[in-house]
1. Looking only at the range 117-136, how many residues end up being farther than 24 Å from residue 583 by Cα and either without any contact (Cβ under 8 Å) to a residue 24 or more places away in the chain or under 14 Å from the mean Cα position of the chain (by Cα) (or both)?
2. Pull out all pairs, ordered by first then second residue, where Cβ-Cβ is under 8 Å, the residues are six or more apart or on different chains, the first lies in the range 83-107 and is over 18 Å from residue 28 (Cα atoms) and at pLDDT 95 or above, and the second is polar (S, T, N, Q) and outside any helix (DSSP H, G or I).
3. Can you tell me which condition residue 673 does not meet? The list is (1) farther than 28 Å from residue 615 by Cα; (2) open to solvent by 50 Å² or more (accessible area, probe 1.4 Å), and all the others hold.
4. Those residues that are open to solvent by less than 30 Å² (accessible area, probe 1.4 Å) and in a helix (DSSP H, G or I), I need them from the range 220-243; list them, please.
5. Among the residues of the range 453-468, write down those that are touching an Asp or Glu at 6+ places or on another chain (Cβ under 9 Å), loosely packed, with under 15 Cβ neighbours inside 10 Å and not hydrophobic (A, V, I, L, M, F, W, C).
6. If we keep just the residues of the range 565-591 that are farther than 24 Å from residue 663 by Cβ and assigned to a loop (DSSP other than H, G, I, E, B), which is least open to solvent (accessible area, probe 1.4 Å)?
7. Determine, yes or no, whether residue 492 is part of a helix (DSSP H, G or I), under 30 Å from residue 107 (Cα atoms) and open to solvent by 60 Å² or more (accessible area, probe 1.4 Å).
8. Return the only residue of 408, 387 being open to solvent by less than 70 Å² (accessible area, probe 1.4 Å), touching a helix residue (DSSP H, G or I) at 6+ places or on another chain (Cβ under 7 Å), hydrophobic (A, V, I, L, M, F, W, C) and not in a strand (DSSP E or B).
Amino acid sequence: MKIPELLSPVGSEQALTAAVNSGCDAIYIGGKDFNARAAAENFSDERLCEIIDYAHLRGVKVYITINTLYKDSELERLFDFVSLMHEKGADAFIVQDIGCAYFIKNNFKNIRLHASTQMTVHNLDGVKFLQSVGFDRVVLSRELSLAEIKYIKQNTDIEIEVFVHGALCVSYSGQCTMSSVIGQRSGNRGKCAQTCRLTFELLKNGKAIKNGYLLSTKDIMTLGNIKDFAEIGVNSLKIEGRMKTPDYVSSTTQIYRNQLDKYKSGDVSVKSEDVKKLLKAFNRGGSFSNGYLNCYSGENMMSTETPKNTGLFIGKVSDYDYKTKKCKIKFAEKITAGDGIEIFTKNSKHVGSYLNRDAEPGKELVIEIDGKIKAGDLVYRTFDKKLNDESKRIYSADTRKLKIYADLKAKIGEKLVFTLKYNDVKISICGDAVLKAENKPLSKEDLLDRFSKTGNTPFIIEFDSLDTDDDIFINISNINNLRRNAVELFEKKYVNSFYREKVFFEIPKSAKTSNNNKKINVSICSKSAFDAVLDTNSDNIFLDIHTADSDFSYFYNSAESNNKNLFIELPLITRDEDMIFIEKFIDKYPNQKNYLIKNYGQLNLLKDRGFKLFSHSSFNVTNGLSYEFMKKYTDKVSLSTELNFDEINKFAGGEITVYGKLTLMSLCQCPIGNFEGEKNNERFCSERFSENKYSLKDRKDLIFDIKPNCFECYAEILNSGTILMTDKLSDISKSPAEAMRLIFTDENEMLIKSVIAAYNSKTDDEVFKFIMNGKNLTHAHFYRGVL
């Protein structure tokens, strides 16, 4: 029976001991830089080296997170860090940046690579591609169902890791730029501002129909799916939470460890007390979901009332006196003095307090608290004194030990030989000659007892063999010294067994180029837009695959007769059943040879067919290494939209997006389906292909259009501002970019032609300003970049 690895988060010193002592098999942890949780406590390079030793001595693997995107100016520091972690014995690197991953694989040979969930791998072909370029494990997108995970695992031999507990991003990881566009804090670089946890209004044709935390998902909890994961063959179960408290790390690790151990003995039941304990540790909205495992998406997965930790429901307000501020609460759960509570008031900010007395279920307490409280308001425990005390006991002392094995030879007249071993590491140490006892001899039990004492060391000794004569005498101090010296020697050798030789590397430099003849590439999704583009000075037309399929002969022949290169633009998200449609499209239209690809699965599917491939900005190319990697597989590369001109100017080409509304999020949790389309747990809703226009309005009254993809059933949240760079054409011209991308969503024919003419510098400025008047225009990241 294969039991999955339990992988726990470590974002602080106390979380480290909490995870290790609570039974994890591995930890994931980041340095001060280069990881997707920049706001966590994180660790210095020196401390990380110590932690690697600490974990290994307790049988725990260490995965180093370098799971963000990197700029060219950061690569040397990044690989210095990688070199040190590699040398000091890290077990794996968790990576997002494809160019950096490829560089590591080719320069640091003896290290495992895990593909971060930030790489948006959500289909079998994506997994196969990453395996082909050297990854050892893939962390799948969290949106996949058990059936999809099973299909992927059954058809590949690479390791598969899934998230099983904790926070859930509403957007496909790696495809969210909302935080960076709004506040320059890039989630792709570990600085997400969690814009999705703010309030929004859902607008239908301009009218508000729903408000609240519409993009805030509940945390996931999958204790009941341990058997499913194990039977599928999932290799690693990952707990989210490097920003969470040691209490959370301790509780979640301990409970999932126990559940895995129960499954090993044939018990798959889930204790209600364990669920309560997890709720106490952290949850949003008062309950969990089990994510997308058995549910495509739905409102039941959303925490629309609050994005914050709710804790555990423990009672209701039975009476409140506004004059005396006396609040009577009837408790449904046992409470302890020191517990913190929050009263969920209906019409105002929630209020909280600490309790100074114990109470049993069914009992009432009166506390003094000021707020707009009413009888019937719900009370939640947001700080559990007992849980906190239990967790402190776990992480305040170093209790995890590694079981190692020993052989002892004690023969009269020969030197005492003590051997310690574990896996391939073995040491033997000799003591003084063993004497014949004149009085009371040492029994075998005494020998075992004295040689088994390990004190504060990280070991437990279990004997494999004991070869000893009767009637022997050994000085007790000699035994103690021999044992201590052996343990110290073994510890040093064991730690050193993970170390590797230092690697010296050289980062290749991209050849800078200048390109004044910029091609104009136009992205469209309707027949009317296509007809408008035909009569313009543009080069490549990127046409949405479903629009193309509606009348392919017309589009293909029209493009050809107008000297336009027609590229079929594939959807951003293509689950395995969607990949079947792409294959059918290819077979149906064999003359079509140009494709715009948006994920690694599409790249794997199309790379060996002799097609001309153009990679989309969704591949997040932010440095020369990633650019050169993508050039190995595609003809043209679109650069990340999070780059500024200074960074773009270091590339040797590429396409830049200079017009249109950027996609800020790609959601399985479509707000239209969740809050208007009568969405159930299955794919698609009653608003599928509706003519209604939907958008989200934020706290600052900015409007973000929702672009539903009703074929693949996901939604894109578009930026409130439209990129317009016609006043900066000289800066574009000076850049090495080979092409400019113009993205049209719902523009009319006149506007499409006017915008293309403006980028060809063939339009009247005053007329163009009149056309664009009233629009929310932006230069995006071209002059500011991201943090």
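The values are calculated or read from the model by the stated rules, or taken from the named source; none is laboratory data. Fair warning: this is a prediction, and the values are worked out from it, not measured in the lab. Every residue, glycine as well, gets a Cβ built from its backbone with ideal geometry; the counts of neighbours run over all protein chains shown. What goes into the accessible areas is simple: the full protein's heavy atoms, side chains included, and nothing from ligands, DNA or RNA. Shrake-Rupley method; radii C 1.70, N 1.55, O 1.52, S 1.80 Å.
1. Step one: filter the range 117-136 for residues farther than 24 Å from residue 583 by Cα, giving 117-118, 134-136.
From the residues that got through so far, the ones that are either without any contact (Cβ under 8 Å) to a residue 24 or more places away in the chain or under 14 Å from the mean Cα position of the chain (by Cα) (or both) too are 117-118.
Qualifying residue count, the range 117-136: 2.
2. Listed pairs, sorted by first residue: 99/623; 100/623.
3. (2)
4. Step one: of the range 220-243, the residues open to solvent by less than 30 Å² (accessible area, probe 1.4 Å) are 220, 222-223, 225-226, 229-230, 232-234, 236-242.
Across the range 220-243, the qualifying residues are 223, 225, 226, 229, 230, 232.
5. Answer for the range 453-468, where residues must be touching an Asp or Glu at 6+ places or on another chain (Cβ under 9 Å), loosely packed, with under 15 Cβ neighbours inside 10 Å and not hydrophobic (A, V, I, L, M, F, W, C): 456, 464, 465, 467.
6. 589
7. Working: part of a helix (DSSP H, G or I): yes; under 30 Å from residue 107 (Cα atoms): yes; open to solvent by 60 Å² or more (accessible area, probe 1.4 Å): yes.
Yes.
8. On the way: 408 fails: not in a strand (DSSP E or B).
Testing whether each residue is open to solvent by less than 70 Å² (accessible area, probe 1.4 Å), touching a helix residue (DSSP H, G or I) at 6+ places or on another chain (Cβ under 7 Å), hydrophobic (A, V, I, L, M, F, W, C) and not in a strand (DSSP E or B) leaves just 387.
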